[in-house]
Amino acid sequence: MTDETRKELEIKIKALIVKSELDIFDMEQNSKPISPENSIGRISRMDAINNKSVVEAALRNKRQKLGKLKVALANIDKQGFGICMQCKNPIQPARIMFMPESSRCVHCAARR
Ligand SMILES: [Zn+2]
């Protein structure tokens with residue numbers, strides 16, 4: 001990986017981290033506990049509960065991705081960055097640009 005690509009990637013990862021943190025903040029606002037004395041009625045309440053579990057699942061994914069992005073940012077200057085953890089070949093640059101948090105190449109990720 002060239003220094004230029006690395007620099008570009010670093011900027012991109014930082015932007016993605018900020019975006020993820022904002023998304024997580026938004027989603028947390030949407031997954032506030034539903035109060036039992038809610039006057040919205042039974043059906044709406046069931047809707048609210050369904051929405052809440054959807055938001056919570058999405059929130060878990062977001063948090064996982066944010067964690068991986070932070071790891072990627074911490075490792076970006078290290079030798080092993082951009083190397084597939086499974087086959088030790090370089091990860092395709094397009095893949096890293098698209099998903100900087102990936103630690104495996106396209107082939108290994110497809111095989112799991
Ligand atoms: Zn691989």
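Bear in mind that the values in this text are calculations on the coordinates, not laboratory data. Remember, it's a predicted structure, so these values are computed and weren't measured experimentally. Methodologically, a virtual Cβ is constructed for each residue, glycine included, from the backbone with ideal geometry; neighbour enumeration extends over all protein chains shown.
Do we find that LYS70 is basic (Lys, Arg), surrounded by 16 or more Cβ atoms within 10 Å (Cβ to Cβ) and within 15 Å of the chain's Cα centre (by Cα) in this structure? Spelling it out, it is not the case that LYS70 is basic (Lys, Arg), surrounded by 16 or more Cβ atoms within 10 Å (Cβ to Cβ) and within 15 Å of the chain's Cα centre (by Cα).
Among the residues of the stretch 73-98, those identified as within 15 Å of ILE13 (Cα to Cα), touching a helix residue (DSSP H, G or I) at 6+ places or on another chain (Cβ under 7 Å) and either buried (at least 16 other Cβ atoms within 10 Å of the Cβ) or of a type in the set (Phe, Trp, Tyr) (or both) are LEU73, ILE76, PHE81, GLY82, ARG95, ILE96.
Is it true that ALA58 is within 16 Å of the ligand (Cβ to nearest atom) and in a helix (DSSP H, G or I)? So ALA58 fails the test.
Results for (1) of a type outside the set (Asp, Glu); (2) within 16 Å of the ligand (Cβ to nearest atom), shown as yes or no for each residue.
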residue: ASP23; (1), (2): no, no
residue: ALA48; (1), (2): yes, no
residue: ALA74; (1), (2): yes, no
residue: MET85; (1), (2): yes, yes
